[in-house]
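The values are calculated or read from the model by the stated rules, or taken from the named source; none is laboratory data. Remember, predicted model here, so these are calculated numbers, not experimental data. Cβ: placed from backbone, ideal geometry, glycine included. Neighbour counts: every protein chain shown.
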Amino acid sequence: MNDEKNMINTSQDADLGFEVVGNDAISSEKIIAPRYSYWKSVFRVFFRKKSNILLISLFVLMILSAVFIPLICKYDPVENVTNASSYNLSPAKAMEKFGTSFKWLLGTGPQGNSIMYNIFAGARTSLFLAVVCAAINMTIGIILGAVWGFSKKLDAILIPIYNIIANVPFILVVAVLIYVIGSGFWNMVFAMTITGWLGIAYFFRTQVMIIRDREYSLASKCLGTPIGRIVSKNILPFLTSVIVTLLATEVPSYISLETYMSFIGIGLSAEVPSLGRMISAAQTAFITYPWEFWPPVIYAAMLTIILYLLGQNLADATDPKTHM
């Protein structure tokens, strides 16, 4: 009778999806659960939005075109400078004069130069400048800010420095330095990174101070764990979404700053093509020759907007609360 009952119970358990473990103590304590991967979950949440796929495709296309087109199609700003009839030609007239070609798809500039080639050459410079400045400022700012929020001695030194520098407008610092050291790509990088990391470091100091007094951080400190290890293992992993959010605003801001500085004439040197210099050169002709002004404006706007949207969406995806 007992055997029949056991057989009936076993068949009922099988129907319900259960599996008989038996009397093995090890097997009875075993819990089967899917392995969790944080970054796999991040990308799953990120790509759940179909708009992100479109934004990434557009961004990759813009990056590849800015990197490789100037290598294949060399831009020469004075290519047609001796031919006055090639100046300020609309796309239709440029193709009529030089023939149908990708090079003349947006017409010619004030010196007969190709606007299409100029945009890609300028975008390459602006993107490279933004990435270099963001990498330097973010690296110094995150590392120093993490240690700054944990070290009271460093806090006593850096707080007065921050209070002094923070009251001086950043764009004024950049402009004065460029006037002093001269224009140029690496001079621009130096001017934009000499104090750019300080605001990022102060921001991360505040974030670290919120986390440093939690129980697990205090326990690590009591056990004699070095500050560097506490920062790298206990604190920075919790700030992933904050880092991504800040990075999403940093890169577009440097593109905008370079564009503005070149627009007012104190940015990169004249021989270096950039989106800001294109806009500056065409500012007086945006009504009479709109094909010289609006394409670089639209390209720069698209870069900053796409980067910002991708960064915000990635920041949301890195928040563990969205992985539920």
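Note on segment 93-117: residues that are outside any loop (DSSP other than H, G, I, E, B) and crowded, with 16+ Cβ neighbours inside 10 Å total 10.
Out of curiosity, is Leu218 farther than 23 Å from Pro237 by Cα and either touching an Asp or Glu at 6+ places or on another chain (Cβ under 8 Å) or aliphatic (A, V, I, L, M) (or both)? The answer is no for Leu218.
Just to check your reading of the model, which residue among Ile171, Ile157 is surrounded by fewer than 16 Cβ atoms within 10 Å (Cβ to Cβ), within 23 Å of Ile305 (Cα to Cα) and at pLDDT below 90? Please lay out each step first, then the result.
Details: Ile157 fails: within 23 Å of Ile305 (Cα to Cα).
Going through Ile171, Ile157 in turn, the sole match is Ile171.
The set of residues in segment 66-92 being loosely packed, with under 15 Cβ neighbours inside 10 Å and in a helix (DSSP H, G or I) consists of Val67, Phe68, Leu71, Ile72, Ala84, Ser85, Ala92. Tell me, please, whether a residue that is touching a helix residue (DSSP H, G or I) at 6+ places or on another chain (Cβ under 7 Å), more than 28 Å from Ala317 (Cβ to Cβ) and surrounded by 13 or more Cβ atoms within 10 Å (Cβ to Cβ) can be found in segment 248-259. Yes, that holds for at least one residue.
Please work out if Val244 is in contact (Cβ under 8 Å) with a residue 24 or more places away in the chain and over 18 Å from Gly149 (Cα atoms). So Val244 passes the test. Scanning segment 69-105 for residues that are out of contact with any helix residue (DSSP H, G or I) (no Cβ under 8 Å at 6 or more places or on another chain) and polar (S, T, N, Q) yields Thr82, Asn83, Thr100. When the residues of segment 272-287 are filtered to those that are touching a residue at least 12 places away in the same chain (Cβ under 8 Å) and surrounded by fewer than 16 Cβ atoms within 10 Å (Cβ to Cβ), the one that is farthest from Gly107 (Cα to Cα) is Gln283. On inspection, Ser262 passes the criterion of being within 26 Å of Asn88 (Cα to Cα), touching a Lys or Arg at 6+ places or on another chain (Cβ under 6 Å), at pLDDT below 85 and surrounded by 18 or more Cβ atoms within 10 Å (Cβ to Cβ).
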